[in-house]
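Some notes on the structure that comes next.
The values are calculated or read from the model by the stated rules, or taken from the named source; none is laboratory data. The structure presented is a predicted model; accordingly, all values stated were derived computationally and were not measured. Cβ placement follows ideal geometry from the backbone for every residue including glycine, while neighbour counts extend to all protein chains displayed. Ligands, DNA and RNA are stripped out before the accessible areas are found, and what is left, the full protein with its side chains, is counted by its heavy atoms. Shrake-Rupley method; radii C 1.70, N 1.55, O 1.52, S 1.80 Å.
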Amino acid sequence: METRRLLIGCDFTYVAAIYTPVIFQVRPIEDPHVRIEGAQWASEPRIMIRGYTDLYGNPCVRAVLPAGRSSFRFHATALVPDATEDADEGAKECPPDDLPDETLIYTLPSRYCLPDVLGDEAWSRFGGLAPGYGRVQAICDHVNQHLTFQYGSTTALSSAADVNRSRIGVCRDFTHLAVSFCRALNIPARYVFGYLPDLDVPPDPAPMDFAAWMEVWLGDRWWTFDPRNNIRRKGRIVIGRGRDASDVAMATTFGGPLLESMVVQAEEAAR
């Protein structure tokens, strides 16, 4: 299969009043279809890091920000397939009793995804549709049309139920709402975030940012769905998977440092 070469990474600049422990989750997860080359970590001043793997299998690093201004950087090259993610309109839903044990956690409520709160709406809107891939796509179609994308419209406390009422949000909110509807129908759905370049699509004029989408268990595997963009895309690079955004924060600080700037890179390398 043909591949495309991408430049990916991010830069954070913090100002901290005191030494502040932090966890960064910005390195891509291992993927048989994506090859990561030349991964580099850098910081100013020099900050020691140590890696670990969280309970979902996501790679993370731990560090301690010094008092004052500091910057932290991760950059790499990624080789990705020159193809959109797989789709199968014939993929079927599994009855709950037939679901693999490891998928059951993704049918339950979590901090931001509330299938118990949104269950009545999920069944009234989608319960009459034929189970399977098409029903999940119908959920994405609805969320994509129901919500308006707007930076700064939600906070760290905004749940799927909140954005369903307000009808505005960012990509993580689109994902939380679609995940909630899927779980309410007993379809395992998990939150995913990572790098998403503008490959073979009109460029987004907004500054590059991390992206969020979801993976849904149908048949015998996970399938990618993107309720915000609502089209199949090229070049997705997964950083983390979890129940919702609280499980896969790009940065978790044990204190209150000021995030002075954040720059994300996900673009095709010059040929």
| note | Between the Cα axis of helix 133-146 and the main Cα principal axis of the chain, the angle (0 to 90°, nearest 10) is 60 degrees
| message | If R₀ is 45 angstrom, what is the calculated FRET efficiency for the pair T155 and T3, using the beta carbon separation as r and rounding to 0.05? | response | 0.70
| query | Tilt of helix 115-126 relative to the longest C-alpha principal axis of the chain, in degrees (0 to 90, nearest 10)? | reply | 50 degrees
| How far, in nm, would the chain grow between R271 and A39 when pulled straight, counting 0.36 nm per residue and subtracting the alpha carbon separation? | 81.6 nm
| request: Return the whole-Å distance between the Cα centroid of the range 100-153 and the Cα centroid of the range 187-213. | output: 18 Å
| note | About its Cα centre, the range 139-240 carries a charge dipole, from +1 on Lys and Arg Cβ atoms and -1 on Asp and Glu Cβ atoms, whose size in debye to the nearest 20 is 180 debye
| query | Counting only protein heavy atoms, what percent of the accessible surface of the range 27-158 is carbon or sulfur at a 1.4 Å probe? | reply | 50 percent
| query | For the range 167-206, rounded, prolate or oblate, judged on the Cα gyration tensor with a ≥ b ≥ c (square roots of eigenvalues), a/c < 1.5 rounded, else prolate if a/b > b/c? | reply | prolate
| Calculated Rg and Dmax of the Cα atoms in Å (choose from (i) 20.8, 72; (ii) 17.8, 52; (iii) 18.9, 58), label | (iii)
| field | Residue-averaged [θ]222 nm for the chain, counting only DSSP H segments that reach four residues, each worth -39500 (n - 2.57) | value | -5500 deg cm²/dmol
| Intensity falloff of the range 49-180 expressed as log10 I(q)/I(0), Debye formula with alpha-carbon point scatterers, at q = 0.14 Å⁻¹ | -0.92
| request: Using a 10 angstrom cutoff on alpha carbons, build the Gaussian network for the chain and name the most mobile of P59, P227, P32. | output: P32
| Percent accessible area from carbon and sulfur atoms, the range 223-263, protein chains only, probe 1.4 Å | 50 percent
| request: Taking the chain as the reference, fit the longest principal axis to its C-alpha atoms, fit the long axis of helix 171-184 to the helix C-alpha atoms, and give the angle between the two in degrees, 0 to 90, nearest 10. | output: 40 degrees
| field | Relative contact order computed over the chain (Cα-Cα under 8 Å; 6+ residues apart), in percent | value | 30 percent
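Please express the shape of the range 133-253 as an equivalent ellipsoid: the semi-axes are the square roots of 5 times the eigenvalues of the C-alpha gyration tensor, given largest first in whole angstrom.
The three semi-axes for the range 133-253 are 19, 18, 15 Å.
For the chain, report the accessible area per residue in Å² (1.4 Å probe, heavy atoms, rounded to an integer).
Spelled out: the 1.4 Å probe surface of the chain, per residue, equals 49 Å².
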| message | Could you give the length gained by full extension between L129 and D88, i.e. 0.36 nm per residue of separation minus their alpha carbon distance, to one decimal place? | response | 13.1 nm
| Gaussian network model of the chain, springs between alpha carbon atoms under 10 Å - residue of D247, D120, D226 with greatest fluctuation | D120
| query | Which of these, D162, D173, D204, has the largest mean-square fluctuation under a Gaussian network model of the chain (Cα springs below 10 Å)? | reply | D204
| In percent, what relative contact order does the range 125-201 have, based on Cα pairs under 8 Å that are 6 or more apart in sequence? | 25 percent
